[in-house]
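Report on the structure given below.
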Amino acid sequence: MRIVDTIDEVRRQVREWRAQGLTVGLVPTMGYLHEGHASLIDASHRDNDRTVVSDFVNPMQFGPTEDLESYPRDIVHDAKLVEEHGGDLIFHPDPSEMYHEGFSSFVDMTVLTEELCGLSRPVHFRGVCTVVTKLFNIVKPDRAYFGKKDAQQLAVIRHMVDDLNMDIEIIGCPIIREDDGLAKSSRNTYLNDAERKAALVLSEAVRLGMDMVRSGEKNCDTILSQMKSLIEAEPLARIDYVKMVDCATMQQIPTLDRPALCAMAVFIGKTRLIDNFFTEDVQEG
Ligand code: PAF
């Protein structure tokens, strides 16, 4: 397993693999890797001959008041995890390697980015689309792996790949949770003990919503209002949004008459956490 920090080195390595007829998977990350990332690396290792993990805290996807400076970083820990899960190369560039002086090209998207996290994080998806496009152009993978925890991001990337005819297969992987249900996230490290306990309201609300869908409830307001009541009962929690949207368009729907995503963002203290479920993943009971 090698760690490189320049675009040239990545290209040289991937060219060598291609010359040997090998397939390449890409796992884009912002580092501080946990079992959620490990599951993406495992999936790529299973599907491809070689796996590249990018480890880059992308400044472009953070708003001016967000946690760019405090976002946790630990390349030594990341390297160990990537190696243990069969990754072959870590791309760990400096921001100046990704965004040279005079950088002025962006990948932007309408509609899908105008709901959910796009409302409270107006520059976020432009930053994600731009950096993911750059990573795709640098690595030129056969397949790329993203977690379903960032469900809107996954939908946005699938849509971008389709709109812009990028010849890459996008694989969405299941949410990985702690034993008590909290979805794994690098941002969980921000939580103190009381907040860590309070954060369980997200996964509890997900479970409640899934149970209601399973029992045949079709009215989105009925489902969402019960989920919101559960979250609002926790004094440390403040809802950013809890919504039901069409899976493909990310637009809100009143009735469960098509595949939907139920997504939420909730502040626990100062930490903004997300969680979700896809109605298609709920087994009818
Ligand atoms: O999901 C993330 O960690 C990031 O948004 C991504 C896809 C690596 C782009 O910076």
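What the table below lists for this structure:
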| quantity | calculated |
| --- | --- |
| Estimated [θ] at 222 nm from DSSP helical runs (n ≥ 4, -39500 (n - 2.57)) normalised by residues in the chain, nearest 500 | -11500 deg cm²/dmol |
| Most to least packed among 105-112, 81-88, 145-152 [average Cβ atoms within 10 Å] | 145-152, 81-88, 105-112 |
| Per-q log10 I(q)/I(0), the range 1-49, q = 0.14, 0.25, 0.30 Å⁻¹ (Debye; single scatterer per alpha-carbon; no solvent) | -0.42, -1.09, -1.18 |
| Placed amide H near residue 251: partners under 5 Å, 5+ positions off or other chain | 246 |
| Within the chain, percent of DSSP bridges classed antiparallel, to nearest 5 | 50 percent |
| Surface share of carbon and sulfur [accessible, 1.4 angstrom probe, percent] for the range 1-101 | 47 percent |
| For the range 120-157 and the range 230-285, distance of Cα centres in Å | 20 Å |
| Dimensions (Å) - the chain, Cα atoms, principal axes, largest first | 56, 39, 38 |
| The range 128-173, Cα convex hull volume normalised per residue, Å³ | 61 Å³ |
| Residue 54 long-range amide H proximity, modeled H, under 5 Å | 27, 29, 91 |
| Mean accessible surface per residue for the chain, computed with a 1.4 Å probe while every protein chain stays in place, in Å² | 47 Å² |
| Dimensions (Å) - the range 168-285, Cα atoms, principal axes, largest first | 40, 39, 26 |
| Partner lysines for residue 197 [C-alpha distance under 18 Å; skip if fewer than 8 residues away on the same chain] | 184, 228, 270 |
| Euclidean distance between Cα centres, the range 56-106 to the range 188-222, Å | 30 Å |
| Principal axis dimensions, largest first and in whole angstrom, of the range 1-139 by Cα | 43, 30, 28 |
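The values are calculated or read from the model by the stated rules, or taken from the named source; none is laboratory data. A quick note: this is a predicted structure, and the numbers were derived from the prediction, not measured. Note: ideal-geometry Cβ built from the backbone for every residue, glycine included; neighbour counts use all protein chains shown. Side chains are part of the model used for accessible areas, which takes the heavy atoms of the whole protein and leaves out ligands, DNA and RNA. Shrake-Rupley method; radii C 1.70, N 1.55, O 1.52, S 1.80 Å.
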